[in-house]
Every structure is written in structure tokens, then in C-alpha cells.
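Notes for the one structure printed next.
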């Protein structure tokens, strides 16, 4: 069977062959397999050298000092370390945290845990375009606020928050500013100083690196303190113990180095593909783009095809690997909480499809996708009683539905 | 969601898609579900003078199992009396399509749809449902 066209790069990316090649050199007896913490022999020294080179490559992409990079198992762990680490270290200073309703579950589930531990959390509503209203943020800040966490780029709708502006509000108040940059790293420029962030979560597998490795940027000037969540040999300056996974780290370093090098050209190429995809779909009736279209990473297009349910559309698009905000594609039977937070009605949330393009997406893939969507949307609308009612001029909001 | 072959078959080749004229006295229409919940089923039956369902049509907005459940239902009710059709249970549909537990509600919706269509027909024909049910 021919594999479907992969349009789910925000879920994960394939490891770039150039990255895989480098990683292989750090596994076997012939390679540099040593424990980077071994100080007594060349095996350890070589591994340590590789780890530090990777640290410098990761730091370079976000304009940080290599000493500010802490290796973790991925962005989820980075988010946990940042939020729990700050909350528990600074809890005597205050116990209030501010975040946004459209954050990734790695943030929202962590703040829920902190609430159980007695912290108070404010969850801000984004505007209908997915962006944060800075006045609402300012209004939410209190004397006992110790941490603000706002993601750089949203994983579902791809919108880019104005972190620099948020930093300018948060910083003078002495509040620590964290951002989850899993979806922005390698896609748009990041400068931790220009953005004013103190903590920044990174993941390798969204940037053509391997799964299972990530990093947390921890600002040194002024120094941000964290209570470690993982205790042991005191690796990573005591912030995250555990033997460093050299091959994973080297993979992340190489992936970030390549992303840095190729970012501008790749961003332009993806933007052209995105524009073509949207243009190709624009003659379909009742299509809505979710989230701001301008302030968005180049490879993301999240659209709702009204009167067509997302899961059935995904079934119809089996030649494509895409994801949906539909309830039926989740175990919870709830439609996307991100789209709901934008104020999108449930119907449009159920009808949403996320296309995320990346390094290996071609023009042919996009043209094929456009053709396929025309065909399948038409077929599913012929099946849809809502489409029939819409065509008959019935206002669906005036109908008394028997909710179940 | 990985579906069984029967769901996929009904989804790929849905049976009896379409609409009848709602105003026709021989037609019973059942519309159940809500867009906000992610599924809406419209089931219509054409009933002859002997109270036998001659034809059925459906349109469904919903996931693959919802489409398959309603498609299967249109096949099952054809040739049945209203009484027989009213006895179709959601568990029969779920079993026939091998629906996963998370999709059982789709079969419930299909059962609701045929009940609603029968009730609509009886109401239009001026028959009280309770009399028939007795």
C-alpha cells in the first residue's frame, strides 16, 4: 500500500537523514558511545565534546548561551520542569500563575497539578484570532504572581503570540516568563533576549530530530532558579539528573543546526505552499480559517469545512495524514478546546482539519490535496442533512436540536 | 480510529442516501442529534397502507460510525412493519457493525432516528402512538 501524504508535521517530523547519520556514530563500540559524565577516559571526553557541541547548536538557534541549555526528554518534561520548578522554588514569594486556555496540555495539566498543590492559576481567554489581548494579561497580573507561561506558537492553529510585548509587561514586575517553543523552534526566528523570556521549552522531534529529547532554556542573567524534578547524579547543574543520551542530544543539535541554516529559505517555500493550498480551497463554500492568518507559522493551515464532520472527512481523506479538532478523533468526545477557546462554535470545531506542511512536502502534494478535498467535501455534503438545510435556507441556529 | 470492514463498507458505499418530501403523508421523518455534539441523523421512511416500510432514505452529519449506523438502518427497516422496525435495538446495530465502545452512541442515535421517524409518520396519519404501542 502506498503511504498517505504526510501533512501532520506539527504532530511530529521524520528525522532528517543527515541527522540520523550523525546519531549513528554515537551508539556502537566503533563510535563515541561513552558516558559524557565519565571524566577518567577518552570515551567520556569524546561523548562530552559531542554533547557540548550540540548544546552550542541548540543555544545558537535561540540566541542563548550554551550554559543556559538543560537537556530533558522533550518539551513536556521541559514544561513540567519550568512550571513546577519555578512554582516550588519561588512559592514563598507568591503562589499565583497566569497562562492561556489554548496552551498545550503539557502546560494545562501541569498547572492543574499545581492548583492541587495550593497554587492559584488564571487561565486567560485568547481573542477570536487566537492571540492574547495584552491588556487582559496586564489586568490578570497580581502582586503575588510569580510566573507567566504563554506558548510561542500554538500547535493547532499555528498563531504566533507577541512574546516580546508580553515580556515587556511581565519583566518589569519581576515575574518569571516561560514559553513553550516546541512549535516555533526552527520555523521562525527566536531570540531569548529580544523576546524577554526566562524559560523556553524545546523539542527535537518537531524539528526533524529524534523523539525523546528536548531542552529547557534557563536564563542565567538574571539567574532563574528551579527546584529539580528529577534527582540523581546532579547532571545539568543539578536541574535534571540522569545520564545524558548522547546520540539523542547529538541528533537534536544537528537538527537545530540544520534548521537554523535553512530556516529562511524553508519558511518562504512553506508559505508559498500554504498560500497555494488556501487559494486552491477558496472556491469551496463555507470554509473558515481558524486563527489569524498573518501572524502564523508558514506551514500551518487549520480550516473548518462547515456541515462536514471532521472524523468522517479524515476517513474520506485516507490518502492524507492530517489531524482534526473533531471530538470523534479524540478519546474524550470533546471537540478541540483550542478552537472552542477562540469562540468557534462546536459545529465548526467538529469540522476542522489541521494541515501542517514541512521539509518534505512538495507542490504536487498540495495540488493533490486540493483535488482530493474538492471531491470529498462534495460527497460528504451530499450526505449531510445540515448542508441540505443550509441550501434550503434554514437557519441552523433557529432549530431546536435534541442534544444527546 | 481503526474501523471494521462493515463500517468502512457502509461509509464508502452508503445505501439509500437522499431525501423524501417531508410533507407527503406517506413519509415519516426523524431528525435526531445536534450539530454541537458532532452528529445529526435524518432518517425518512415511506410507509404503505399496510403499515409496511417500503423505502428508507438517510442523510447523516457525523463520524464514520454514525454514517454507517444510519446506512445499515435503511437496509434493515425496508420491508418491515412499523412495529418490527420500532423494535430494532441499538445493540443489534452496534453488534452488526462491530462498533468500538466509544462509538456506541452512534448506534443509539440510529435507534432514536427510526423511533422518531415512526412517531412522525403516525402523528401525520393521525394515529396516537400510545394506541399502536398497546
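Please treat every number below as a calculation from the coordinates, not as lab data. Only a predicted model underlies this, so the values are computations on that prediction, with no experimental measurement involved. Because the Cβ atoms are built from the backbone with ideal geometry, glycine has one as well, and the counts that use them run over all protein chains shown.
So here's what we get for this one:
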{"item": "Contour excess over end-to-end distance, with Cα ends at residue A:63 and residue A:334 and 0.36 nm allotted per residue", "result": "93.7 nm"}
{"item": "Top of B:39, B:112, B:21 by mean-square fluctuation, Gaussian network on chain B, Cα under 10 Å", "result": "B:21"}
{"item": "Helix A:363-383 vs. chain A, principal-axis angle (Cα, 0 to 90°, nearest 10)", "result": "40"}
{"item": "Efficiency of FRET between residue A:120 and residue A:295 - r from beta-carbon atoms, R0 35 angstrom, step 0.05", "result": "0.70"}
{"item": "Rounded, prolate or oblate (a/c below 1.5 giving rounded, otherwise prolate when a/b exceeds b/c) for segment A:1-111 by Cα gyration tensor", "result": "oblate"}
{"item": "Three-way shape call for segment A:111-268 based on the alpha-carbon gyration tensor, with the a/c threshold at 1.5", "result": "oblate"}
{"item": "Over segment A:204-358: Rg over Rh, Cα atoms, Kirkwood Rh", "result": "1.08"}
{"item": "Calculated over segment B:24-86: convex hull of Cα atoms, volume per residue (Å³)", "result": "75"}
{"item": "Chain lengthening between residue A:188 and residue A:279 when straightened (0.36 nm per residue, less Cα-Cα)", "result": "30.5 nm"}
{"item": "On Cα atoms only, tilt of A:75-89 relative to the major axis of chain A in degrees", "result": "60"}
{"item": "As computed over segment A:196-256, the Cα convex hull volume per residue (Å³)", "result": "94"}
{"item": "10 Å Cβ neighbours from other chains, averaged over peptide A:379-388", "result": "6"}
{"item": "Per-residue [θ]222 nm for chain B (sum of -39500 (n - 2.57) over DSSP H runs n ≥ 4, rounded to 500)", "result": "-13500 deg cm²/dmol"}
{"item": "Inter-site label distance for residue A:88 and residue A:392 at 7 Å from Cα along Cβ, in nm", "result": "6.1"}
{"item": "GNM top mover of A:53, A:39, A:359 - chain A, alpha-carbon springs below 10 Å", "result": "A:39"}
{"item": "P(r) tail fraction, segment A:238-285 - alpha-carbon pairs more than 14 Å apart, %", "result": "70"}
{"item": "Order of B:29, A:28 - criterion: other Cβ atoms within 10 Å of each residue's Cβ, fewest first", "result": "A:28, B:29"}
{"item": "In range of the label at residue A:168: residues from segment A:183-210 whose backbone nitrogen is under 20 Å from the point 7 Å along Cα→Cβ", "result": "A:189-199"}
{"item": "Segment A:275-404: translational diffusion in µm²/s, Stokes-Einstein, Kirkwood Rh over Cα pairs, 4 °C, 1.567 mPa s", "result": "84"}
{"item": "Nearest-ten-degree value, helix B:104-124 long axis tilted from longest Cα axis of chain B", "result": "10"}
{"item": "log₁₀ of I(q)/I(0) at q = 0.19, 0.20, 0.21 Å⁻¹ - segment B:24-134, Debye sum with one point per alpha carbon", "result": "-0.88, -0.97, -1.05"}
{"item": "Gaussian network model of chain B, springs between alpha carbon atoms under 10 Å - residue of B:47, B:17, B:32 with greatest fluctuation", "result": "B:17"}
{"item": "Extent along principal axes [Cα atoms of chain A; Å; largest to smallest]", "result": "78, 54, 35"}
{"item": "Taking A:387, A:71 and counting other C-beta atoms within 10 Å, the order from fewest to most", "result": "A:387, A:71"}
{"item": "A:326, B:5, A:38 arranged by Cβ crowding within 10 Å, fewest neighbours leading", "result": "B:5, A:38, A:326"}
{"item": "Pairwise centroid distance, computed over Cα atoms, of segment A:346-393 with segment A:148-191, Å", "result": "31"}
